[in-house]
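Comments concern the structure below.
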Amino acid sequence: MLTANSLKLSLTQLFSQSLLVGGLTAISLLSGFIPELSEDSYTLVITTSAYAQDVTSEISPNDVTQYAEVLLQIEPIRASAYEKITTILGEQPEIFCDDSDSISKLPSNAQDIAKDYCQQSEGIVSKYFPEGGNKRFNEITIEMQDNQNLREQIQSELVRLQQAKFDASF
């Protein structure tokens, strides 16, 4: 039988639960935590949210042009350095300018060539990316590996720049 006291108790519980759910929802929106009720048991589970970011939208057309310019300027320096080091080692080296171990395991004359290549490359990168420098260049490189659209944009820009330089030479 439903009495005034039991109805008042039900409404109070309903109000309390609604207030709790509303409070948790507000907290989750502000903090990134997501409250949810487990289906198997009536327990509250708190998880965190993660928002996927489209890094491509953060890479501007100007970034693409600058990246392509850097590649065009670094490539002859890289090819020359790799050719010289390959002659010394008898095999093609793996050189990573941000990994000193890849350079220190080379013979001293090859180390000099690798260090010179890295210094020239870093200078070119900082000329085109004065704000982010190597970090920005590396971000674009990493994004390009997994992003076909960005890869195509950079490839098109490389072709455009090479064609423009060719046309300017006549």
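The values are calculated or read from the model by the stated rules, or taken from the named source; none is laboratory data. None of these values were measured; they are calculated from a predicted model. Counting neighbours? That spans all protein chains shown, and the Cβs are built from the backbone with ideal geometry, glycine included. Heads up: the accessible areas ignore ligands, DNA and RNA and are worked out on the full protein's heavy atoms, side chains in. Shrake-Rupley method; radii C 1.70, N 1.55, O 1.52, S 1.80 Å.
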**Message:** Can you give the local net charge around residue 71? Use residues other than it whose beta-carbon is closer than 10 angstrom to its beta-carbon, Lys and Arg +1, Asp and Glu -1.
**Reply:** -2
**Asked** If you rank 118, 97 by how much accessible surface each has, with a 1.4 Å probe, what is the order from largest down?
**Response** 97, 118
**Request:** Kindly provide the GluC sites (Glu not before Pro) of region 86-140 that DSSP labels as loop, not H, G, I, E or B, and whose Cβ sees at most 15 other Cβ atoms within 10 Å.
**Result:** 91, 94, 131
**Request:** Compute the signed sum of charges (Lys and Arg +1, Asp and Glu -1) over the other residues within less than 12 Å, Cβ to Cβ, of residue 102.
**Result:** -2
**Fill in**
Note: residue 161 to residue 78 extended length (0.36 nm per residue) minus current alpha-carbon separation gives 28.0 nm
**Asked** With every protein chain kept in the model, how would you rank 165, 105 by accessible area, 1.4 Å probe, largest at the top?
**Response** 105, 165
**Extension gain, residue 101 back to residue 122 (0.36 nm per residue minus Cα-Cα distance, nm)** = 5.8 nm
**Fill in**
Two pseudo-spin positions, 7 Å from Cα along C-beta at residue 87 and at residue 143, lie apart in nanometres by 3.9 nm
